[in-house]
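The values are calculated or read from the model by the stated rules, or taken from the named source; none is laboratory data. No experiment lies behind these values; they were computed from the predicted model shown. Please note: Cβ atoms are built from the backbone with ideal geometry, for glycine as well, and neighbour counts cover all protein chains shown. Heavy atoms of the whole protein, side chains included, go into the accessibility calculation; ligands, DNA and RNA do not. Shrake-Rupley method; radii C 1.70, N 1.55, O 1.52, S 1.80 Å.
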Amino acid sequence: NRRKKKDDNILEIPSIPNPFPELCCSPFASVLSASLLPKATSRKKQVIKVYSEDDSSRTLEVPSDITARDVCQLLILKNRYIDDHSWTLFEQLTHTGLGRAIEDHELVMEVQSNWVMEEENKLYFRKNYAKYEFFKNPLSFFPDHMISFPSETNAAVSHSGILQMFLSSSTYPEIHGYLHAKEQGKKSWKKLYFILRRSGLYFSTKGTSKEPRHLQFFCEFSNSDMYMSLTGKKISGAPTNYGFSFKPNKSGGTRDLKQLCADDEQSRTCWMTAIRLLKYGMQLYQNYMQPYQGRSGCSPLNITPMRSISENSLVAMDFSGHRSRIIENPTEVLSVAVEEGLAWRRRGCLRLNSHGSPIAISNMGMSIHRSQSWFHHKISREEAQRLILQHGLVDGVFLVRDSQSNPKTFVLSLSHGLKIKHFQIVPLEDDGKLFYTLDDGHTRFTDLIQLVEFYQLNKGVLPCKLKHYCARIAL
C-alpha cells in the first residue's frame, strides 16, 4: 500500500514542458540525428595509385564507394588545377593494349575489382575534351550514312532530336555500317555488316540484309565494358588503326574479348558514342549537366563550358586617343594590329635575363618556347597523334614539337574534323633576324609563343583556331 501510494504521488506531479519540442516531433529529427551523430560503422578506406602523362604518380586513400568524378575533383584540389570539366580518369590495360575513359559515375573500386593480379593495369589522370562533345556538336558524331530512324518517324529529324531519341526509352536510332571483326579463336579478321539496336549489336550473315533470319547476335553491353585499341595493329594484327573491343567484366584474358575495327576515325567515333548512349543513357546526360546546374537561362543541349575569355566578346579597341573606341573596320583592325606588333618589338628589343643583363629577343626566341606546356621536345609523329587522341579529337586540340625530318624546323599538330593534321613551322631569316612562319613568310613571328598566341585568336591558314593544348601534367 505504501508503494502504491508512492506511485500515485509520482503520477500526480505535473510534467515539465519540453522547451525544444521541434527536436522530438519534427519529421527531420531522424535526418538531424543521422547527420550529426557519428556513424557506428564507417566506410572502408582503400588505396589507389593514379598516374599522369609524365609517369609521375600519386597514391590516395579513398572511400570504397568513391566515383571517378570524385577522384578527379580530389586530384584537382590537391594539385591546384583549373577545373574546366574535362578532367577524366582513364583505365589502361597494359597487357591487351586497351584503354577507356571511366565514366564519371562509375565506382573506381568496381573497376579495379575486374583487374587480374598479374597484369600491370593503371589509372591515368588526364584531360579528355571529347568526353561530352556529342551533346554540343552531334553533327560530327552521327553521319547521315550511318544512322537510320524508326519507320514511325516521318519528318526529318534534327541532330538535337537525334540525342533526344538516344536518351528516350521507347525509340532508338539504328546505327549500321561495315566493321572488321576478329574471328573467335583465330588470328584472321572478317569484314561484316553490323547493326546496332537497343537489344544489342548484330551482324548480317547475308550482305547488308536486315531481315531477322539473317541477323546474328554479336554482344550486349550490360555486363561488359568498351575499350579503345591503343596499340593499333601491333598486338591484335587489325587491318586498320581504328580498333575497339568489348571485354566482359569478370574476364581476365584476351580469349573472351570481342574485337572490332573500323575503316576510319569517324566511323569508330560514331559506333563508340552510340554504344555509350545505349548503355548509360540519361546517366551520361546527368553527368554532363551536373557542372552546369544552377545556371539560369541555359538551353540543355546548347550549354558550353564557362571560360575565362569568351570568343564572342573579343573586340578590337583603340586606346591611342583620349578616349578608347571599338574598331569596327576589319582593314583598320589589321593595320592597327601590325603597328602594335612593331611597336611591341621596338619596346622589347632588349629584355633582362635572371641576372639583370640585357639579352636580345632574337637569341631568347630560340629557346623560350621550351618552357611552355604546349611544347613537346623531340617526340615522334606517332607519339604526337597518340597524345592528341588521348585528349580527345575535338577541333582545336594541339601541340608543338620538334620536327624529326628537319632538325631546324618545328611542327604544329592539330585536331580538326576528327583527323589529326600536321603543319610545318619554318624558321625564316631576314636582315639578320630570325622569324617563324606557317604560311611561307606572309605572317612572321619572333618566337613560337607569339605564333601560338596569334593562332589562338585568329584561324589564319589553319582549319580552326588553337583552343586546347596537350600537356604532360605532373602529380
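Taking each residue of segment 63-84 that is under 19 Å from residue 131 (Cβ atoms) and modelled with pLDDT of 90 or more and looking for partners that are part of a helix (DSSP H, G or I) and among the polar types (S, T, N, Q) with beta-carbon atoms closer than 9 Å, six or more apart or interchain, yields 69/287; 69/290. When the residues of segment 190-212 are filtered to those that are in a strand (DSSP E or B) and touching an Asp or Glu at 6+ places or on another chain (Cβ under 8 Å), the one that is surrounded by the fewest Cβ atoms within 10 Å (Cβ to Cβ) is 190. Within segment 213-243, the set of residues being open to solvent by less than 20 Å² (accessible area, probe 1.4 Å) and assigned to a loop (DSSP other than H, G, I, E, B) comprises 221, 232, 238. The number of residues in segment 418-437 that are within 33 Å of the chain's Cα centre (by Cα) and open to solvent by 30 Å² or more (accessible area, probe 1.4 Å) comes to 7.
Confirm whether residue 297 is on the phi > 0 side of the Ramachandran plot and either modelled with pLDDT under 65 or part of a strand (DSSP E or B) (or both).
Numbers: on the phi > 0 side of the Ramachandran plot: yes; either modelled with pLDDT under 65 or part of a strand (DSSP E or B) (or both): yes.
Answer is yes for this residue.
Residues in segment 120-138 that are among the hydroxyl-bearing types (Ser, Thr, Tyr) and either within 19 Å of residue 107 (Cβ to Cβ) or out of contact with any Ser or Thr (no Cβ under 6 Å at 6 or more places or on another chain) (or both): 124, 132. Per the conditions (1) exposed (fewer than 14 other Cβ atoms within 10 Å of the Cβ); (2) in contact with a strand residue (DSSP E or B) (Cβ under 6 Å, 6 or more places away or on another chain), the sole criterion not satisfied by residue 406 is (2).
For segment 244-286, the set of residues classified as open to solvent by 10 Å² or more (accessible area, probe 1.4 Å) and either among the charged types (D, E, K, R) or not assigned by the TED database to the domain that holds residue 143 (or both) consists of 247, 250, 255, 256, 258, 263, 264, 265, 276, 279, listed by residue number. Those strands (runs of 3 or more DSSP E) of segment 377-475 in which 2 or more residues are touching a residue at least 60 places away in the same chain (Cβ under 8 Å) and not assigned by the TED database to the domain that holds residue 51 occupy 397-402, 433-437. Looking at the structure I just gave you, is residue 116 touching a residue at least 60 places away in the same chain (Cβ under 8 Å), buried (at least 20 other Cβ atoms within 10 Å of the Cβ) and β-branched (Val, Ile, Thr)? Considered against the rule, which asks whether it is touching a residue at least 60 places away in the same chain (Cβ under 8 Å), buried (at least 20 other Cβ atoms within 10 Å of the Cβ) and β-branched (Val, Ile, Thr), residue 116 comes out as no.
Residue pairs whose Cβ atoms lie under 9 Å apart, separated by 6 or more positions or on different chains, with the first residue in segment 217-237 and more than 14 Å from residue 280 (Cβ to Cβ) and the second open to solvent by less than 60 Å² (accessible area, probe 1.4 Å) and among the charged types (D, E, K, R), are 227/91; 227/100; 227/247; 228/100; 228/268; 236/182; 237/182.
Based on this model, can you work out whether residue 168 counts as of a type in the set (Gly, Ala, Ser), out of contact with any Leu (no Cβ under 9 Å at 6 or more places or on another chain) and open to solvent by 30 Å² or more (accessible area, probe 1.4 Å)? Yes, satisfied. Is one or more of the residues making up segment 109-118 of a type outside the set (Lys, Arg), in contact with a helix residue (DSSP H, G or I) (Cβ under 7 Å, 6 or more places away or on another chain) and under 30 Å from residue 282 (Cβ atoms)? The answer is no, given that none of the residues of segment 109-118 is of a type outside the set (Lys, Arg), in contact with a helix residue (DSSP H, G or I) (Cβ under 7 Å, 6 or more places away or on another chain) and under 30 Å from residue 282 (Cβ atoms).
In this structure, does residue 187 turn out to be buried (at least 17 other Cβ atoms within 10 Å of the Cβ), at pLDDT below 95, in the same structural domain as residue 267 (by the TED database) and over 30 Å from residue 282 (Cβ atoms)? Considered against the rule, which asks whether it is buried (at least 17 other Cβ atoms within 10 Å of the Cβ), at pLDDT below 95, in the same structural domain as residue 267 (by the TED database) and over 30 Å from residue 282 (Cβ atoms), residue 187 comes out as no. Listed by first and then second residue, the pairs linking a residue in segment 133-145 that is farther than 13 Å from residue 417 by Cβ to a residue that is open to solvent by 70 Å² or more (accessible area, probe 1.4 Å) and not aromatic (Phe, Trp, Tyr), with Cβ atoms under 8 Å apart and 6 or more places separating them unless they lie on different chains, are 136/302; 136/304.
Mind telling me which of the residues 58, 69 ends up being in contact with an Asp or Glu (Cβ under 7 Å, 6 or more places away or on another chain) and either outside any loop (DSSP other than H, G, I, E, B) or surrounded by fewer than 16 Cβ atoms within 10 Å (Cβ to Cβ) (or both)?
Going through 58, 69 in turn, the sole match is 69.
Scanning segment 219-268 for residues that are more than 18 Å from residue 192 (Cα to Cα) and hydrophobic (A, V, I, L, M, F, W, C) yields 221, 226, 228, 230, 235.
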